[in-house]
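Read the structure below first, then the notes.
The values are calculated or read from the model by the stated rules, or taken from the named source; none is laboratory data. Source: prediction; values computed, not measured. Cβ coordinates were reconstructed from backbone atoms using ideal geometry, including for glycine residues, and neighbour counts include every protein chain displayed.
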Amino acid sequence: MQTTNPFDLILSRLEQLQSSVNVLSENAQKPTVPATSDQGRLLDLAEAAEVVRKPIGTVRHYIHHRNLPAIKIGKSYLIKLDELLVWVDKFKDIDEPKLDNLEPMLANRKRYGKYKPGFSSDKH
């Protein structure tokens, strides 16, 4: 009677799993932004939310409060893809807040007794 090496069985199953994972990963890799030929395409709120990776309600908030260009048709909004991408790129140019802007806030914290310079957890 000849016995089979259990490691051969394990290795063959691992190869099957690896090939399945490779196939699934190839199918899952889809571009999130449509091709450049679709730049003039109109997006609904769900598609625009997928492009900016935010909830639909947040995209609606951007339309109302942050001047995201959109066209209202009936009760729904349509957004041109190229305008959406330009609007998103606009935020790359905004600088990070500087420490100089923190001075008024720290002054108020000192004024109302909520600022503790050199705060440490050691209590003597």
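Give me a count of the residues in the stretch 60-84 that are within 16 Å of residue 41 (Cβ to Cβ) and part of a helix (DSSP H, G or I).
Number of matching residues: 4.
Would you mind telling me which numbered condition in (1) of a type in the set (D, E, K, R); (2) at pLDDT 90 or above; (3) surrounded by 11 or more Cβ atoms within 10 Å (Cβ to Cβ) residue 109 fails?
(2)
Starting from the stretch 77-93, take each residue that is under 12 Å from residue 52 (Cβ atoms) and list its partners that are among the aliphatic types (A, V, I, L, M) and modelled with pLDDT of 85 or more, counting only C-beta distances under 6 angstrom and pairs at least six apart or across chains.
Final answer for the pair search is 79/43; 79/48; 79/70; 81/43; 84/48; 87/68.
Look through the stretch 39-59, keep the residues that are in a helix (DSSP H, G or I) and of a type in the set (D, E, K, R), and return whichever of them is surrounded by the fewest Cβ atoms within 10 Å (Cβ to Cβ).
Let us first name the residues in the stretch 39-59 that are in a helix (DSSP H, G or I), namely 45-52, 56-59.
Next cut, of a type in the set (D, E, K, R) only: 47, 50.
Working: 47: 17, 50: 14.
Out of the qualifying residues, it is 50.
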